[in-house]
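Take a look at the structure set out below.
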Amino acid sequence: GLLAQRALMRVLVEGAAAPRYGMFLGGGAVIQGTEYAHREVHARGLRDDFSLALSTARTVWGVLRNDPAFNRHVRVQLALDDGEAVTHDTLILAISTLHRLAFGMRPFWGSGPGAIRLTLFEPGCSRFARTFFSIVRGRPGRNAVPESGSISHNADAIRLHLDGKLNLDGEILLANGRIDISASRPLDFLTL
């Protein structure tokens, strides 16, 4: 097989004994989608891209219908690189060192040289469904702008403050305070 170079995210949660490593970190409605997947999809033996697509579709449907089981948001303080922290009421938080996620999703459109990509949707972001699906396809429409509640940036280091849950590559982490995210040096992976 061919080798591909990928950086991992080093995620250090305040109070944890050691950092964790992964390629995707999510928060907000991502958590409700993850919990739904564990409870309803994985329990039935489905653990492939189709199960992830099903869980993602169910989460988006829940957000669109304002279903409280899926439309829960989290308050996040976010600082990129050495910048000032900005507080966001966050509906969906997605952070990754990958350009493309499962089943071809490309939810990152930020520019700049940073190895870590971040996309954030605020509650009430205008035209959520249209914007979400355009972003997932990797073609953010003109509504994918901060003024409409959709934000995407690249950075080499991200500092979060939040009280809630995060999804690191499908594992739920509890956070109560500071989370420091940095990128590892690129590592070689075998492509399948």
Listed by chain and number, the residues whose amide H is under 5 Å from that of ASP81, excluding neighbours fewer than 5 places away on the same chain and using placed H, are ASP156, ALA157, ILE158, ARG159
When every protein chain stays in place and a 1.4 Å probe is rolled, PHE189, PHE132 sorted by accessible area with the largest first are PHE189, PHE132
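The values are calculated or read from the model by the stated rules, or taken from the named source; none is laboratory data. Please read these numbers as outputs of a predicted model, since none were measured by experiment. Each accessible area value is taken on the protein alone, full model and side chains, heavy atoms only, with ligands, DNA and RNA left out. Shrake-Rupley method; radii C 1.70, N 1.55, O 1.52, S 1.80 Å.
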